[in-house]
Amino acid sequence: SMLFSARKWGNLRRIIDSNGNWIAIHYSLSLNGGTGNVEGLGADDGQYLTDYLDNCKVSGVTGKEFRDALRRRGMKMNFEVGHSSTVIRGDVPSYELEYMLRALISMMNERTPDRTAWDYYLKCEALRQKASCASGNGACLNEGFADKAEAFFNSLSQNVNNGVLVLVGNIDEKKLKTALMAYAGNFKTTDKTFRRTETHTRSFSGIERY
């Protein structure tokens, strides 16, 4: 049987599509913000944002070590940075639901720049392109790109409530709710509580005819 539902718990919206024949959960965390939100980004710099994210440290280990740890648990994680949105997606065995949530939280909350890995990436990219820049940083990036990328991803990690988590697969909704209640509060969100301006209005009773 197929179950499709879309609900909201607190600031986290989730969409579930459950099929008992699948042995994996396909996940997608779509965040509001992309290359169009990075001020001063060069015309060709956007293509490097995804690679920058892939070369950061997570929970104190290198990006490669983090991906290796995910792979040992059967989990895949890919990044896509578009013009107006950033998506973290992949798949994980159904029994690793909680591990998937912890990995996403680590990616959002415990990501730090790894300039050694990034500099090495730039040198490799320069060799691949057989190109160089006047700045000497290897690939043809505008000066200050790493700082702009870091500020952009930090902003995303602070506003996860602007995103949508989509899960597709063999999902027990009760177990999912329990897991989300345990882990969803660890995502960072922006307080969007507004104080309503007090107004004084005079009410009228009766019926008006036009």
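The values are calculated or read from the model by the stated rules, or taken from the named source; none is laboratory data. Owing to the predicted nature of the structure, the values given are computational and were not obtained by experimental measurement. Note that we place each Cβ from the backbone using ideal geometry, even for glycine, and neighbour counts take in every protein chain shown. The protein model used for the area step is the full one, side chains on, heavy atoms only, and it has no ligands, DNA or RNA in it. Shrake-Rupley method; radii C 1.70, N 1.55, O 1.52, S 1.80 Å.
General remarks:
- Scan of region 78-98 for residues that are without any contact (Cβ under 8 Å) to a residue 60 or more places away in the chain, within 16 Å of the chain's Cα centre (by Cα) and open to solvent by 20 Å² or more (accessible area, probe 1.4 Å), ordered by number: 78, 79, 80, 81, 82, 83, 84, 85
- The requirement of being at pLDDT 90 or above and surrounded by fewer than 18 Cβ atoms within 10 Å (Cβ to Cβ) is not satisfied by residue 6.
- Index of the failed condition, residue 40 passing every other in (1) open to solvent by less than 80 Å² (accessible area, probe 1.4 Å); (2) on the phi < 0 side of the Ramachandran plot; (3) at pLDDT 80 or above: (2)
- Breaking point among (1) modelled with pLDDT of 95 or more; (2) assigned to a strand (DSSP E or B), for residue 75: (2)
- Filtered residues of region 93-107 (kept if hydrophobic (A, V, I, L, M, F, W, C) and under 15 Å from residue 179 (Cα atoms)): 97, 100, 101, 103, 104, 105
- Among the residues of region 51-72, those that are part of a helix (DSSP H, G or I) and crowded, with 18+ Cβ neighbours inside 10 Å comprise 52, 53, 63, 66, 70.
- Of all residue pairs spaced 6 or more apart or on separate chains, those with beta-carbon atoms under 9 Å, a first member in region 155-177 that is in contact (Cβ under 8 Å) with a residue 40 or more places away in the chain and of a type in the set (A, V, I, L, M) and a second member that is assigned to a loop (DSSP other than H, G, I, E, B) and buried (at least 19 other Cβ atoms within 10 Å of the Cβ) are 156/33; 156/163; 160/187.
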